[in-house]
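Colleague: Below is the structure I would like to discuss, written out as structure tokens.
The values are calculated or read from the model by the stated rules, or taken from the named source; none is laboratory data. Fair warning: this is a prediction, and the values are worked out from it, not measured in the lab. In this analysis, Cβ positions are derived from the backbone assuming ideal geometry, glycine residues included, and neighbour counts consider all displayed protein chains. Just the protein is used for accessible areas: all its heavy atoms, side chains included, with ligands, DNA and RNA removed. Shrake-Rupley method; radii C 1.70, N 1.55, O 1.52, S 1.80 Å.
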Amino acid sequence: MTQRNILMFAAVLGLVLFEGFTGGWNTALGILNMGLISAVLALGVNMQWGYAGLFNTGIVGFVALGGLAPVLIALPPTPGAFNAGGLGLILAFAVAAGAVALAVVINRRARGAVRLLALPVVMVAGFFAYRALFDPAVAAIEAINPSAAGNIGGLGLPILLAWPVGALFAAGAAWVIGKTALGLRSDYLAIATLGIGEIIVAVLKNEDWLARGVKNVNAIPRPVPYEVDLQSSPAFVERAASFGLDPVTASTIAVKLAYTGLFLAVLLALVWLSERALKSPWGRMMRAIRDNETAAAAMGKNVTRRHLQIFIIGSAVCGLAGAMLITLDGQMTPGSYNPLRFTFLVWVMVIVGGSGNNWGAVLGGMLIWYLWIKVEPWGHGLMGLITAGMADGSAIKAHLLESAAHMRLMTMGVILLLVLRFAPKGLLPEK
Amino acid sequence: MDILNALVALLNFVIIPASSYGAQLALGALGVTLIYGILRFSNFAHGDTMAFGTGVTILGTWGLQAMGVSIAPLPTALLALPFGIAVTALLVLGTDRAVYRFYRKKKSDPVILVMVSVGVMFIMNGITRFVIGVDEIQFDDGERFLISAKAFKEATGLAEGLSLRSTQVITVVTAVLVVWALFWFLNSTRTGKSMRAFSDNEDLALLSGINPERVVAVTWIIAAGLATIAGTLYGLDKSFKAFNYFQLLLPIFAAAIVGGLGNPLGAIAGGFIIAFSEVSVTYAFKKVAGYLGPEGWQPDSMLQLLGTEYKFAVSFAILIIVLLFKPTGLFKGKSV
Amino acid sequence: MSFLDASGMTGGYGAADILHGCTLKVEKGQIAVIVGPNGAGKSTAMKAVFGMLRLRGGHVKLDGEDITALSPQERVAKGMGFVPQTHNVFPSMSVEENLEIGAFLRRDDFRPTIDMVYDLFPILRQKRRQPAGELSGGQRQQVAVGRALMTQPKLLMLDEPTAGVSPIVMDELFDRIIEVARTGISILMVEQNARQALEIADMGYVLVQGANRYTDTGAALMADPDVRRTFLGG
């Protein structure tokens, strides 16, 4: 790390500390924890963009898919759900996979009229067979205690296990998209990922059997102690008192700090791995491809294959971040997966931080998250100042005050454009 | 067997809605494909350009309504369209000057321009919300129906009603007129030909004395016009909500790619292909099948391939199929 | 005073010069041909004449007027026509539209010029409604030359017009080029097929490493044993 890097990180840390002293440590740690998750996300996107120039506009989908993992891994099983429809679901998915595999084989082997006829027949027949198995299974599962469950439930395993699983989920989706859209014009990947992002979120919102859809899943198990348990532990209360804190404040801070530790460990491990990878022969090849695709291809490098690799790895990191996010929230609310917030905000983080630079992505993630949180109250404050002279109750004043809520989208857009134009290398340029 | 009623149901629930939706998508895709053909990037801000244009048109509509101007039975919004187009054109021209031109002069990679358009999208989104808010707005003040289901049933004696909303007819008629005007412009005017030439072969167009900045400006103006018209028609047909226009981006891109990016004819075909697939895949054919089957028989299931909440999956699936098998699109597009 | 006088041209794309004091002159209504080995800077010399390359030394004069500082577009307006080697038509536009775009800057009636081009290349009249991208290689070259003629240039520059066409089509093209020259238009042409090109050339320039090696009439160069041995394959 250069002196510049250290200064920059010290500045961000200073912002968090400032928040702690002025707005309370609870808020400050909240911002820090989300900032760390944002940094992981930005790291994943930076791999795709900074190492390979791939424009992924469906980050929200990979994050959401990763978020599914804690639900499916850590939640206790819904009693009777598996017996009711589990087998049906498995069969349905097996049929679907079989149909797709058969279609792929036909597409590769068959020629001419056979291919033209057999392909749709297999796909359509497979779809109806899938629906025939899938629909009753779903109905059976959703009928079980719909007010509290109505979903397949989880495996009841430790939640930390869900993090790598979330990464795997996202990697799987990335493989499908990458296989299709990579190797074509760069715009096409952007458009295809935009689609998969919307679809994954739609699935999470509507498939109640999976994660209860918009009914949300609450009380996802935690990897850290609960506040109530801490408050009832005499040892903890005593320790808190020795710091001069009341037990309630101390317990919330302690829990948040525990999360901070976990996230920081993941983040540092990822940065370390990425830095190692970048300096390895593999990383050198990636950079060679990015800097001159034509030349790399001429030298016999399989550019599309490398792009697929990096696209999958980057998406997996996004999935990991998604799982971490749900773990922190303790609940799954598919309605909150907004593309502006989870896709385009991450892009601002990567670009501002410095595309291609891992530390830059981390810095951008934390800094932009801080701004994202703070711009709204600032906007309200600014509008309050602007409208201070206006008569109370005037329509313009009401409109201006109301529109302050939208200021942060615009601010992010302006930041993105300004950085792209005047400092395209970002805060921490790649060497 | 009751073919007549089945046909009416099909018309009512699939063909008519898909036609007007297809016309809206086609106009949107035309804008995307024109910008791609001339400026060579996929404009992610197009959905929000539509939203902005519609928002301004709504403001104009309110203004006209306040002045008591009306063109009943047509919706006042049609009268406000030129105002909306003009303001939107000014905005995109300003955007081009302030943002895109720099990257064009630098001959930046298309993907950079795509990303820049994302930044523009953010800002336009913010401006739209600022100007008109995030609430759902109904601004159709014209005659609601040309044919109402009730009147149709009474007149024909059929069990199935057919309703034809005036916005649907207005959409299709406007789209036909706009497309006709656009093709006349592209094929018969000096400026239109210079745009096609520029899209075909930029260097040779420069050698022939075509002014690139002029071509680009005209393209933006036309794209603004198409976006405003498409957005207003969509808003009249359904309702105006800023976020819906962002979600239209995917079907619009799919339409443009299915037809072949950069090919105007393809964009129109693509719009209708996407719309008809989307509507028919998410429509429950239970009723139609019931009419077609033997007397008194009803199918057990809804005969719906996908729930309407997955309508975007349809555009996406078509997009993926086209990318897999024919990345240049059904009509020959610019490049892979 | 030659109609085109490009003297002492020195320059290149980056830091290194490609042209070293190269001189090209064409008289009114005559054909000048640039030949030379690969990498001799033939196309670069052509581009320098047309202003697609910044010169560090030398000047370009057209009809006595110094145009060294003008952009390619401005040179078109001054009476230069340029036919690039590749990508020289608008593929999705019809033959006639290609010609119309060629006349983009003209405000007068250009119908007679289109008819003139059709008289020169009768096949184009037949295919006027067909997209240029669907034509054969030779026909496409005709469209490309036709497009350049639409500005009524006084100097027509052709960058390897016969690249990739069959020998028969090549002869045909050369015949047409001679016809164009007879109407008083000066021609400057880069050619790979040196022997055939020199046969129709009034003036020949043999370039080597960005400088003039031999300069003489076409016939004289053909007769020069040195030129024959080194550049025409015996």
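Colleague: What pairs come up if the first residue lies in region A:243-258 and is in the same structural domain as A:Ser232 (by TED's automatic domain parsing), the second is among the polar types (S, T, N, Q), and their beta carbons are under 8 Å apart, counting only those six or more places apart or on different chains?
Modeller: Correct list of pairs: A:Pro247/A:Gln231; A:Val248/A:Gln231; A:Thr249/A:Asn26; A:Ser251/A:Gln231; A:Thr252/A:Asn26; A:Ile253/A:Asn26; A:Lys256/A:Asn26; A:Lys256/A:Asn33.
Colleague: Select, from B:Leu7, B:Leu90, the only residue that is assigned to a helix (DSSP H, G or I), over 28 Å from B:Ser194 (Cβ atoms) and open to solvent by 10 Å² or more (accessible area, probe 1.4 Å).
Modeller: Result of the check over B:Leu7, B:Leu90: B:Leu7.
Colleague: Would you be able to tell me the number of residues in region C:26-38 that are touching a residue at least 60 places away in the same chain (Cβ under 8 Å) and open to solvent by 10 Å² or more (accessible area, probe 1.4 Å)?
Modeller: Total meeting the criteria: 6.
Colleague: For region B:218-239, check the following and say yes or no: at least one residue is open to solvent by 40 Å² or more (accessible area, probe 1.4 Å), in a helix (DSSP H, G or I), under 16 Å from B:Gly31 (Cα atoms) and of a type in the set (A, V, I, L, M).
Modeller: Scanning region B:218-239 turns up at least one residue that is open to solvent by 40 Å² or more (accessible area, probe 1.4 Å), in a helix (DSSP H, G or I), under 16 Å from B:Gly31 (Cα atoms) and of a type in the set (A, V, I, L, M).
Each row is one residue, and each column tells you yes or no for (1) among the β-branched types (Val, Ile, Thr); (2) part of a helix (DSSP H, G or I).
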residue	(1), (2)
A:Arg115	no, yes
A:Pro120	no, yes
A:Val138	yes, yes
A:Ala149	no, no
A:Tyr188	no, yes
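Colleague: Take region C:39-60 and flag every residue that is surrounded by 16 or more Cβ atoms within 10 Å (Cβ to Cβ), out of contact with any Ser or Thr (no Cβ under 8 Å at 6 or more places or on another chain) and over 18 Å from B:Leu207 (Cα atoms).
Modeller: If the condition is that a residue be surrounded by 16 or more Cβ atoms within 10 Å (Cβ to Cβ), out of contact with any Ser or Thr (no Cβ under 8 Å at 6 or more places or on another chain) and over 18 Å from B:Leu207 (Cα atoms), then C:Ala40, C:Gly41, C:Lys42 are the ones that fit.
Colleague: May I pose another question? Just wondering, is there one or more residues in region A:244-260 that are surrounded by 13 or more Cβ atoms within 10 Å (Cβ to Cβ), at pLDDT below 90 and in contact with a Ser or Thr (Cβ under 8 Å, 6 or more places away or on another chain)?
Modeller: no
Colleague: Confirm whether A:Leu230 is at pLDDT below 85, surrounded by 15 or more Cβ atoms within 10 Å (Cβ to Cβ) and in the same structural domain as A:Val362 (by TED's automatic domain parsing).
Modeller: no
Colleague: Do we have any residue at all in region B:67-79 that's within 14 Å of chain A (Cβ to nearest Cβ) and part of a helix (DSSP H, G or I)?
Modeller: no
Colleague: If you don't mind, there's one more thing I want to ask. Exactly one of these conditions fails for B:Val99: (1) more than 13 Å from chain A (Cβ to nearest Cβ); (2) without any contact (Cβ under 8 Å) to a residue 40 or more places away in the chain. Give me its number.
Modeller: Going through the list (1) more than 13 Å from chain A (Cβ to nearest Cβ); (2) without any contact (Cβ under 8 Å) to a residue 40 or more places away in the chain, B:Val99 breaks only (1).
Colleague: Going by the conditions given, is A:Ile326 under 30 Å from A:Asp208 (Cβ atoms), at pLDDT 85 or above, crowded, with 21+ Cβ neighbours inside 10 Å and among the β-branched types (Val, Ile, Thr)?
Modeller: Yes; evaluated as a whole, the condition is true for this residue.
Colleague: To continue, here is another question. Condition first: surrounded by 24 or more Cβ atoms within 10 Å (Cβ to Cβ), in contact (Cβ under 8 Å) with a residue 60 or more places away in the chain and within 14 Å of chain C (Cβ to nearest Cβ). Can you find one or more residues in region B:208-217 that meet it?
Modeller: Checked against the condition, which is being surrounded by 24 or more Cβ atoms within 10 Å (Cβ to Cβ), in contact (Cβ under 8 Å) with a residue 60 or more places away in the chain and within 14 Å of chain C (Cβ to nearest Cβ), region B:208-217 yields no hits at all.
Colleague: In addition: Give region B:140-160 a look and list any residue that's assigned to a helix (DSSP H, G or I) and hydroxyl-bearing (Ser, Thr, Tyr), or say none.
Modeller: The answer is B:Thr156, and nothing else.
Colleague: Would you please name the residue that is farthest from A:Pro225 (Cα to Cα), looking only at residues in region A:106-141 that are of a type outside the set (A, V, I, L, M, F, W, C) and either loosely packed, with under 13 Cβ neighbours inside 10 Å or touching a Lys or Arg at 6+ places or on another chain (Cβ under 9 Å) (or both)?
Modeller: A:Gly112
Colleague: Still on this structure, please answer the following. Pairs under 7 Å by beta carbon, first residue touching a residue at least 60 places away in the same chain (Cβ under 8 Å) in region A:261-283, partner among the hydrophobic types (A, V, I, L, M, F, W, C) and loosely packed, with under 15 Cβ neighbours inside 10 Å, six or more apart or different chains?
Modeller: Note: no pairs meet the criteria.
Colleague: Could you check region B:14-56 and list, in sequence order, the residues that are outside any helix (DSSP H, G or I) and open to solvent by less than 10 Å² (accessible area, probe 1.4 Å)?
Modeller: Passing the criteria: B:Phe41, B:Ser42, B:Asn43, B:Phe44, B:Ala45.
Colleague: Which one is nearest to the other protein chains (Cβ to nearest Cβ) among residues in region B:319-336 that are open to solvent by less than 20 Å² (accessible area, probe 1.4 Å) and out of contact with any Ser or Thr (no Cβ under 7 Å at 6 or more places or on another chain)?
Modeller: B:Leu319
Colleague: If you take the residues in region C:137-162 that are open to solvent by 40 Å² or more (accessible area, probe 1.4 Å) and outside any helix (DSSP H, G or I), which one is nearest to the other protein chains (Cβ to nearest Cβ)?
Modeller: C:Gln152
Colleague: Any idea which of A:Ala125, A:Ala101 is more than 24 Å from A:Asn151 (Cβ to Cβ) and within 32 Å of the chain's Cα centre (by Cα)?
Modeller: A:Ala101
Colleague: Given the criterion assigned by TED's automatic domain parsing to the domain that holds A:Ala143, over 13 Å from the mean Cα position of the chain (by Cα) and part of a helix (DSSP H, G or I), identify the matching residue among A:Gly20, A:Gly85, A:Gly50.
Modeller: Answer to the check: A:Gly85.
Colleague: Taking the stated definitions as given, is B:Thr282 within 14 Å of chain A (Cβ to nearest Cβ), of a type outside the set (A, V, I, L, M, F, W, C) and open to solvent by 30 Å² or more (accessible area, probe 1.4 Å)?
Modeller: no
Colleague: Of all helices (runs of 4 or more DSSP H) completely enclosed by region A:357-431, which ones contain at least 3 residues that are away from every other protein chain (no Cβ under 11 Å) and not hydrophobic (A, V, I, L, M, F, W, C)?
Modeller: Once the helices (runs of 4 or more DSSP H) in region A:357-431 are filtered for at least 3 residues that are away from every other protein chain (no Cβ under 11 Å) and not hydrophobic (A, V, I, L, M, F, W, C), what remains is A:358-386.
Colleague: Report the residue count in region B:109-119 for those that are touching a residue at least 40 places away in the same chain (Cβ under 8 Å) and more than 7 Å from chain A (Cβ to nearest Cβ).
Modeller: Matching residues across region B:109-119 total 2.
Colleague: Condition first: more than 18 Å from A:Val124 (Cα to Cα) and facing chain A (nearest Cβ under 7 Å). Now tell me which residues in region B:285-318 satisfy that.
Modeller: B:Glu309, B:Phe312
Colleague: Separate question: Kindly indicate which of C:Phe104, C:Phe82 is in contact with a Ser or Thr (Cβ under 6 Å, 6 or more places away or on another chain), within 7 Å of chain B (Cβ to nearest Cβ) and either closer than 12 Å to C:Gln152 by Cα or surrounded by fewer than 18 Cβ atoms within 10 Å (Cβ to Cβ) (or both).
Modeller: C:Phe104
Colleague: Turning to a different aspect of this structure: Would you please name the residue that is farthest from C:Arg107 (Cα to Cα), looking only at residues in region B:188-202 that are within 7 Å of chain C (Cβ to nearest Cβ) and in a helix (DSSP H, G or I)?
Modeller: B:Asp200
Colleague: Does C:Thr217 satisfy the criteria of being open to solvent by 70 Å² or more (accessible area, probe 1.4 Å) and either among the hydroxyl-bearing types (Ser, Thr, Tyr) or touching a Pro at 6+ places or on another chain (Cβ under 6 Å) (or both)?
Modeller: Considered against the rule, which asks whether it is open to solvent by 70 Å² or more (accessible area, probe 1.4 Å) and either among the hydroxyl-bearing types (Ser, Thr, Tyr) or touching a Pro at 6+ places or on another chain (Cβ under 6 Å) (or both), C:Thr217 comes out as no.
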